[in-house]
Amino acid sequence: MAQAKGYAAQSTTSPLAPFNFERRELRADDVAIDIDYCGVCHSDIHTAENDWGGSVYPVVPGHEIVGHVTAVGDKVTRFKVGDIVGVGCLVDSCKDCQACNAGLEQYCLNGFVGTYNGKDKIDGTITFGGYSDKIVVNERFVLSVPKALDPAAAAPILCAGITTYSPLKHFGVKAGHKVGVLGMGGLGHMGVKFAKAMGAEVTIFTRSESKVAEAHKQGADHVVISTDPAQMAAAAGQFDFLLDTIPVQHDLNPYLACLKYDGVHILVGLIEPMEPPVHAANLVLKRRIIAGSLIGGLPETQEVLDFCAEHGISCDVEMLDIQNINQAYERMKKGDVKYRFVIDMASLKKGA
Ligand code: NDP
Ligand code: ZN
Ligand code: ZN
């Protein structure tokens, strides 16, 4: 066992605070990693505050992890001490079902183990995430971070990046398509970059007038202020795909009206009932589809890291000392971050 330091939420309402715990002994196929950077995903907030139910406290969030290898188990073949590596949202799965064999570990038929708030398949302990100084992960769930990427800016690719890349690729976004991205936060700003890199014409739907100029800087061709009914009406019937990163319940109907016939509304932000209800006419009359998508499997996560290196894509990050994590959560809830907080884990050493 190795002593680890981190930050944890002890209950639904308690702020994150310093927390000492143990990381497991290396198993034969494990990689031990000292964490250098960890991105802050809105899912961290949902879990710390138990928005989705099922949080087991203490919760140590964090699933956008970049660090360096400090030790490897006897059977590890892909990594060696010193390698710069990443860990995303998954740390285990059955590794032998149809989904796992297809590299879709996120849809493992026997259930995946999340990087935090998951249950270890071997010892039954609850997993602790990347808001900590070190982690031990099965080699299959460890990614290589290309040297061309800045390691801090690469961290959010492990969740925000793969979550937006995967559905755009799955649905075949390409030149000639019109793609709308709903919400310009951590996921949304990466969605814009990927949709552009795939050749699409991209529109940001945002509530925030203040993000208009920056949306264009991110590469968006157009911006729609979603709270302005006139702008929404003008966007009707235009889009092949909408990538919806909005993290709370919202009315899908005005967005569905923006799709062409056969258009696809891809949900990644909402993991709650659709409220208000979707009017079926918005689907039936135009053969539209509402789809969902969960992160991505390990091969595709490596692919998106390599894609970012090749296309010069990285996340726009605001570096954070871990002592300021609670203020960062409050700012994220207001949509006030450009566009991903990344914790510099060296700050943990500054003490509580
Ligand atoms: P952020 O907080 O970084 O961004 C969300 C954006 O949505 C905000 O910047 C804001 O954009 C917009 N938004 C926020 N609140 C509202 C609201 N009340 N109404 C309309 N728009 C709103 O979050 P992330 O990008 O980190 O995560 C987005 C969602 O995706 C979360 O729910 C997260 O849990 C989920 N997620 C899902 C994954 C999956 O695999 N499916 C993986 C990772 C995350 P603007 O100011 O431009 O309007
Ligand atoms: Zn995430
Ligand atoms: Zn499986």
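The values are calculated or read from the model by the stated rules, or taken from the named source; none is laboratory data. Keep in mind that what you see is a predicted model, and the values were worked out from it rather than measured. Positions of Cβ are backbone-derived with ideal geometry, glycine not excepted, and every protein chain shown enters the neighbour counts. Heavy atoms of the whole protein, side chains included, go into the accessibility calculation; ligands, DNA and RNA do not. Shrake-Rupley method; radii C 1.70, N 1.55, O 1.52, S 1.80 Å.
With every protein chain in place and a 1.4 angstrom probe, the accessible-area ranking of I35, I122, largest first, reads I122, I35. In nm², what is the average projected area of the convex hull enclosing the Cα atoms of the range 161-292? That works out to 7.0 nm², a quarter of the Cα hull's surface.
If eta is 1.306 mPa s and T is 10 °C, what Stokes-Einstein diffusion coefficient results for the range 46-178, Kirkwood Rh from Cα pairs, in µm²/s?
98
Can you flag which of K119/K147; K119/K338; K75/K134; K5/K334 are past 22 Å Cα-Cα? As for pairs spanning more than 22 Å Cα to Cα, those are K119/K147; K119/K338; K5/K334. With each label modelled as a point 7 angstrom along the Cα→C-beta vector, the D221-L294 pair spans 3.4 nm. Springs between Cα atoms under 10 Å define the GNM used for the chain, and in it the highest mean-square fluctuation of K217, K169, K196 occurs at K217. At the listed q of 0.11, 0.17, 0.21 Å⁻¹, the Debye profile of the range 102-212, built from one uniform point per Cα, gives log10 I(q)/I(0) equal to -0.50, -1.01, -1.22. With Cα atoms defining each centre, the range 1-74 and the range 118-168 are spaced 11 Å apart in the structure. Pairwise Cα distances in the chain exceed 34 Å in 23 percent of cases.
Restricting attention to the chain, close to 55% of DSSP beta bridges with both partner residues there are antiparallel.
Just the Cα atoms of the range 6-57, one point each, no solvent: what log10 I(q)/I(0) does Debye give at q = 0.15, 0.19, 0.30, 0.32 Å⁻¹? Once normalised to I(0) and log-transformed, intensities are -0.57, -0.83, -1.16, -1.21. Does the range 222-275 come out rounded, prolate or oblate by the C-alpha gyration tensor, with a ≥ b ≥ c the root eigenvalues, rounded set by a/c under 1.5 and, if not, prolate when a/b is larger than b/c and oblate if not? Taking the square roots of the gyration eigenvalues as a ≥ b ≥ c, the range 222-275 is oblate. Pairs of Lys residues in the range 161-292, spaced 8 or more positions apart or belonging to different chains, with C-alpha separations under 20 angstrom: 18 in total.
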